[in-house]
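Below: one structure, written as C-alpha cells.
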Amino acid sequence: MKSVYPYPTLFGDIELDILSVTVDGAAEFPYSHVSRSERTVALHRSGRERWDYCTLRLRATLPDREIADGRWTDLACLATLTEKATNARTTTLLEASADGSWSGTIDLHRSRHVDRATLGLVVVATVDGVAGRVIGTTERDWYLDLKASTPVRQREIEIVEADFREGPDEWLRPYKDSPWIVETTGDVPTVHLNTGGVDGLVDLLGDSGGSPAERMLREMVAGQIAQDAWTAMFHTAISDLDVDEDGTPVMPTGWREAVLRMMLPDVLPGRQPVDALYDIAERRAKGFGWAELQTNIQYAAGKRSRITRKLTNAVRGLDVADRNGTR
C-alpha cells in the first residue's frame, strides 16, 4: 500500500529480494526455508536449533527512469527489520551497484525477536530542499518467522480447546460462562472453545454427521464463531494503526492487512483502502459516524463467514426433514 505524500514520490514498483541467509556467519540456511513467492523465511527447525544471529544478503531494485527524471537528490535505500511484539528495529543502508540495483546485508539477532519480524525497504531523498523525505517503500514486505518451519506467508486462525473454569489458563477464568472467545493479541488470531461451558459443544463442532437438526445447529454455531472472529479481527486491525509523517494511516502487515483488504470494500464500499482507513481513523478519533459504521462491519463479517448461506441451508434442511418426518 502506497501512502499519499504532499510531494513527488516514486510510482513504480520497488522490489526487495533476499538472496541468501547465513547463520552465525558460517552455515548457509537451507534454501527450502526461503520462499520468494511467499516472501517469507521460516527460521524454525532448519537443522541448527541453536543460533545467535542470521545474516540476510539483500538486493533491491528501483524504477530507474523515475530515479533519473525525478527532482530529488541524496537518494538512499534503507532496509528495515522490525517486530511489534518486542519493539525491535534494525536498519541498514544499502549501497548502489553498477547495474543500478542496491545491495547490502542486515542481521537478525535471535535475542531481540520472539515470533515474526518484518523486513521492508524505505527509499528516502532530499525533495524540494527538505532532506530525509520518504519517496517510496516496498508494497509487499518480507516475513522472517522464528516459529515456522515452512515459509508460508498467511497463517491460519488457530482453534484451541480449553476449560475456562478449571483449566490451567487463569486468564480465561473471567470468561468461564462464555462458550468461546476470540483472542487477537498475538501474531495469529485464536478461537478458544470452552470445554466446560456448553455441554457437548466441542463434540458437536467436531462431528460431521448427525440428524438434520444437529447439522443445522453445527452450521449456525460455526457461522457465529466465524462472524465473531471476523468482527474481532477487524476491530483489532484498525485499533492501532501506524501513521506516516503527515498523519495518514498506514496499512498494517500480517493477518491484519489481509483482514482489512477483504473487509474494507464491504465496510466502506467504493473507497480506496487508504481513504477508507483515513475515514475510519477519523471517525474513531472524533466520534462521529462510528456507531453507524458498526452495521457495515457486522454486514462485512457476516459476508466473510457466509452466515446467510449457512442459515439458508439450515432452514432448507429443517423444511426437508419436516416434510420427510425425519427430524
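For an R0 of 35 angstrom, estimate the FRET efficiency from the Cβ-Cβ distance between GLU66 and TYR31 and round to the nearest 0.05. According to the calculation, E is roughly 0.60. Ranked by how many other Cβ atoms sit within 10 Å of their own Cβ, fewest first, the residues GLU166, GLU83 fall in the order GLU166, GLU83. Rounded to the nearest 10 degrees, the inclination of helix 212-239 to the longest alpha-carbon principal axis of the chain is 30 degrees.
Given an 8 Å cut-off on Cα distances and at least 6 residues of separation, report the relative contact order of the chain as a percent. It comes to 15 percent, rounded to a whole number. Whole-Hz Karplus values for segment 73-83 come out as 9, 6, 5, 9, 10, 10, 8, 10, 10, 9, 8 Hz, taken residue by residue from phi with 6.51 cos²θ - 1.76 cosθ + 1.60 and θ = phi - 60°; glycine and proline positions read x. Taken about its Cα centre, segment 158-323 carries a charge dipole of about 800 debye when Lys and Arg each add +1 at the Cβ and Asp and Glu each add -1 at the Cβ. Given the choices (1) 186; (2) 146; (3) 130, volume of the Cα convex hull per residue in Å³ derived from the coordinates of this structure is entry (1). With springs connecting C-alpha atoms under 10 Å apart, model the chain as a Gaussian network and identify which of TRP290, TRP171, TRP142 has the largest mean-square fluctuation. Sorting by GNM fluctuation, first place goes to TRP171.
Computed from Cα atoms, the angle from the helix 307-324 axis to the main principal axis of the chain rounds to 20 degrees. With angles folded into 0 to 90 degrees, how steeply does helix 273-286 sit against the dominant principal axis of the chain? Use alpha carbons for both and round to 10. In the chain, helix 273-286 runs at an angle near 70 degrees to the longest axis. Springs between Cα atoms under 10 Å define the GNM used for the chain, and in it the highest mean-square fluctuation of LEU264, LEU172, LEU94 occurs at LEU172. Rounded to the nearest 20, the size of the Cβ-charge dipole of the chain about its Cα centre is 680 debye, with Lys and Arg at +1 and Asp and Glu at -1. Pull out a ≥ b ≥ c, the square roots of the eigenvalues of the alpha-carbon gyration tensor of segment 158-323, then state rounded if a/c is under 1.5, prolate if not and a/b is larger than b/c, and oblate in the remaining case. Oblate. Sorting 66-73, 13-20 by their mean Cβ neighbour count within 10 Å, with the most densely packed peptide first, gives 13-20, 66-73.
Dipole of the chain computed with +1 at Lys/Arg Cβ and -1 at Asp/Glu Cβ about the Cα centre; of VAL202, THR231, VAL114, farthest Cα towards the positive end is VAL202.
Over the residues of the chain, the helix contribution to mean residue ellipticity at 222 nm works out to -10000 deg cm²/dmol, using -39500 (n - 2.57) for each DSSP H run of at least 4.
A simple rule links phi to the HN-Hα coupling: the Karplus curve 6.51 cos²θ - 1.76 cosθ + 1.60 with θ = phi - 60°, which for segment 288-297 gives 7, x, 6, 5, 5, 5, 4, 5, 5, 5 Hz, with x for Gly and Pro.
Each value in this text was obtained by applying a stated rule to the coordinates, not by laboratory testing. Not measured: the values here are computed from a predicted model. When we count neighbours, we look across all protein chains shown, and the Cβ atoms used for this are built from the backbone with ideal geometry, even at glycine.
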